[in-house]
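Report on the following structure.
The values are calculated or read from the model by the stated rules, or taken from the named source; none is laboratory data. Predicted model only: the values in this text are computed from it and were never measured. Counting neighbours? That spans all protein chains shown, and the Cβs are built from the backbone with ideal geometry, glycine included. Heavy atoms of the whole protein, side chains included, go into the accessibility calculation; ligands, DNA and RNA do not. Shrake-Rupley method; radii C 1.70, N 1.55, O 1.52, S 1.80 Å.
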Amino acid sequence: GLSAGLTALADRLELAGVPATIAAPRGLAETPPPTRQQAVAALGIPYAVLDLHARSGACESTASPSIASQEVIIAAISQVATLYAIACTAGGSHVTYRLYVRDSGEIGGVEALVFALHDPRFGWSGTDLLVNPAFDPATAQLSASYVGRSDRHCGYRASWIWQEYAFRLERFEGPQSCADATRPARWTAVYP
């Protein structure tokens with residue numbers, strides 16, 4: 001197509017010396033097209049996600065020194081959904097993250113995610129912050145853990161699995177008493 005186009009252009013402009021054909025380079029290895037995961041990661045975080053994150057108000061600026069160096073999780077979780085985990089606060093060895101799903105399908109939009117947490121004092125509650133999350137794209141499993149006591153819980157180790165439209169709680173472990181918040185070896189399964 002390129003050779004034909006250049007020839008047609010040369011004829012119309014009456015250019016002399018334009019080669020009749022252009023040969024493709026030889027000896028170059030074919031580059032496979034990127035996977036959906038590679039393409040999504042290469043695009044970075046869309047403005048709609050960054051805007052929602054910035055408007056949350058409770059997070060440090062993404063430009064602050066303690067947050068700017070934190071890894072961002074970007075993962076294609078379906079043909080139309082992408083997971084984004086963006087650092088919110090940093091202190092000591094713990095970094096909290098807010099997680100979002102961006103749907104690029106027919107309805108589309110960005111959703112801030114909320115996850116179940118259990119505390120021996122308060123029972124089950126919801127949180128929009130996970131500590132040190134990790135995502136395994138091969139299994140679609142999200143995990144997070146916190147050893148120690150906070151104002152909302154006494155530590156946890158949990159995993160969720162992506163299923164079609166949402167993360168389903170798969171396993172939740174925690175202490176039976178806040179006295180064991182720093183002793184994860186004593187924690188038990190709260191769910192299932």
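Quick grid of which residues meet (1) more than 19 Å from R171 (Cα to Cα); (2) at pLDDT 95 or above:
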site: G57; (1), (2): yes, no
site: E71; (1), (2): yes, no
site: V80; (1), (2): yes, no
site: G91; (1), (2): yes, no
site: F115; (1), (2): no, yes
site: D119; (1), (2): no, no
site: D136; (1), (2): no, yes
*Looking at (1) in contact with a Phe, Trp or Tyr (Cβ under 8 Å, 6 or more places away or on another chain); (2) open to solvent by less than 50 Å² (accessible area, probe 1.4 Å); (3) among the hydroxyl-bearing types (S, T, Y), can you tell me which one Y191 breaks?*
(2)
*For region 94-127, name all the residues that are under 25 Å from R149 (Cβ atoms) and under 12 Å from the mean Cα position of the chain (by Cα).*
Y97, R98, L99, L113
*Hey, can you tell me all the residues within region 120-161 that are in contact with a helix residue (DSSP H, G or I) (Cβ under 8 Å, 6 or more places away or on another chain) and either farther than 22 Å from S93 by Cβ or of a type in the set (D, E) (or both)?*
P120, R121, P137
*Would you kindly identify the strands (runs of 3 or more DSSP E) lying entirely within region 122-192 that contain at least 3 residues that are more than 20 Å from I74 (Cβ to Cβ) and without any contact (Cβ under 8 Å) to a residue 24 or more places away in the chain?*
123-127, 166-174
_Which condition from (1) within 22 Å of I45 (Cα to Cα); (2) without any contact (Cβ under 8 Å) to a residue 40 or more places away in the chain; (3) touching a Ser or Thr at 6+ places or on another chain (Cβ under 6 Å) is the one that V114 breaks?_
(3)
*Hey, any hits in region 92-114 for a residue that's aromatic (F, W, Y) and open to solvent by less than 20 Å² (accessible area, probe 1.4 Å)?*
yes
